[in-house]
Structure formats: structure tokens, C-alpha cells
Amino acid sequence: MKRLSLIAVLALIGCTQKPPEPPKPLEWTSLPDGSKATVGEITVPENQFFDGPSAVMRCWPEAGGQDCLIATRASYGFMEFIRTKTPALPTNHRLIFEPPVGYQCVVSVDGGWQESVHSSAGQIKLNVVSYMEHPRPASWSRAEVEKLMTDNAIQPQSHWMNCRNLSEVVGKTSLAAVASTEVTREVVGG
């Protein structure tokens, strides 16, 4: 009898919880180059404090859809970037693919960066550039990244971008720069 009472109490508790709120619709801002940007927030660890938004998307129209740069900041020191192709503007802020199949760029607030290529099994190649390295090396070229993905039969969800260029623009600011004219398609790697 006690077991049935406990089950009934637990069932009532489960029924009284509010369902999660649906995500708010994104507010897209049009920029002079024809792209659209949206700024938002994602859940970050409580002990992480930083200036600016924690999530930004910037999409440029292209034949058959959108070329989107998705940026998140999950810790004080690092901003993560993926570039994906979508048939239409995204309808909610998405987290970086786990693992990000294809190419990923991570920029440090001190100006360093790292770029990596991932298969569905995990990271297969990494290039780390310290903020102290001078002169600054170039990031991997589109041809290098595409060859690595082809050679390893990777069907990317995230495509190449110019990680060094991004680090130079956003490394000392915030993700808000992605939603401004400071980040152009040429910076990303047209």
C-alpha cells in the first residue's frame, strides 16, 4: 500500500511541473552586404563572466540557401565557430555540433586560435597557433581542409573558414563583431 501511495505522489509531482517554454523566435537584423545576423544567449557555466552575447549567427544568401557562420562562447577565454550551409535562415540558436563533423575554429581572447577537422569518430587533425607566435602563420587553406575531408571520407556539417582572419577581428572584442560590418564574407573566406 505504501508503494502505491508513493507512486501516486510521484505521479502528481510530475504532473504539476511546467512544460519547458518554447524558444523565442529569432530577431534577424539586415546588414548592408545583404546578410542577416541574430544575437542571442545560450546556457553558459555560472562561473563564466564575459562581455557581449554568448551566441551569434550571421548568414549570407547563396544559391539554394544560406551560408551561415555560427559562433558561441561557452567560456571566458574561447569563442567557437562553425560554418554551415542551410536551405533557409535557422529558426533557433543551435549549439556547435558535438562532435563538429568537418571544420571547427576556436579563437582565444588573447588572439591565439586553433583549427581542427573532425570525423564522426572525433578530431583527426589540429593546428594550434599561440598568441605569442610572430609572424602569424596563415590558417589552413580551403584546399588543404577539403583534401583532408575527401581523403578521410568526411561528409562535413561544418565547412572551412579563415580562422586567422576571424581571430584578428574578434580575438580582442566579443562575438558581437560577427553581427556587424566588421566581419565580412571575405574575412570568413568568401
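No lab work stands behind these numbers, since they all come straight from the coordinates. Note that the structure is a prediction, hence the values are computed from the model and not measured. Here the Cβ positions follow ideal geometry from the backbone for every residue, glycine too, while neighbour counts run over all protein chains shown.
What is the range 26-188 by shape, rounded, prolate or oblate, if you read a ≥ b ≥ c off the alpha carbon gyration tensor as root eigenvalues and call it rounded for a/c under 1.5, prolate for a/b larger than b/c, and oblate otherwise? Because its axes are fairly even, with a/c under 1.5, the range 26-188 counts as rounded.
Charge tally for Gly189 (other residues, Cβ to Cβ under 11 Å; Lys, Arg +1; Asp, Glu -1): +2.
In this label model, Lys147 and Glu182 are separated by 3.4 nm, measuring between points 7 Å along each Cα→Cβ vector.
How would Arg185, Arg73, Arg58 line up from fewest to most surrounding beta-carbon atoms within 10 angstrom? List each step's numbers first, then the result.
Values: Arg185 15, Arg73 25, Arg58 29.
Taking fewest neighbouring Cβ atoms as first place, the list is Arg185, Arg73, Arg58.
Relative contact order, whole percent, for the range 26-188 stands at 22, derived from Cα pairs under 8 Å and 6 or more residues apart.
The phi torsions of the range 145-156, fed into the Karplus equation with coefficients 6.51, -1.76 and 1.60 and a -60° offset, translate into couplings of 5, 5, 5, 4, 5, 5, 4, 10, 6, 8, 9, x Hz, rounded to whole numbers, with Gly and Pro shown as x.
With θ taken as phi - 60° and the Karplus curve 6.51 cos²θ - 1.76 cosθ + 1.60 applied, the whole-hertz 3J(HN,Hα) list for the range 35-40 is 7, 10, 9, 9, 10, x Hz, x standing for glycine and proline.
By the count of neighbouring beta-carbon atoms within 10 Å, fewest first, Val56, Val183 end up ordered Val183, Val56.
At 7 Å along the Cα-to-beta-carbon direction for both Leu31 and Thr173, put a label point, then send me their distance in nm to one decimal. Here the modelled spin labels are 0.9 nm apart. Along the axis of the charge dipole computed for the range 26-188 (Cβ charges of +1 for Lys and Arg, -1 for Asp and Glu, origin at the Cα centre), the listed residues Gly112, Val188, Pro61 are led at the positive end by Pro61.
Rounding to the nearest 20 debye, state how big the charge dipole of the range 26-188 is about its Cα centre with +1 on each Lys and Arg Cβ and -1 on each Asp and Glu Cβ.
Values: 13 positive and 18 negative charges, 48 e Å.
Result for the range 26-188 is approximately 220 debye, rounded to the nearest 20.
Treat the count of other C-beta atoms within 10 Å as a stand-in for reagent exposure and order Asp110, Asp33 from fewest to most. Let's see the in-between values first.
On the way: Asp110 14, Asp33 11.
The order, fewest Cβ neighbours first, is Asp33, Asp110.
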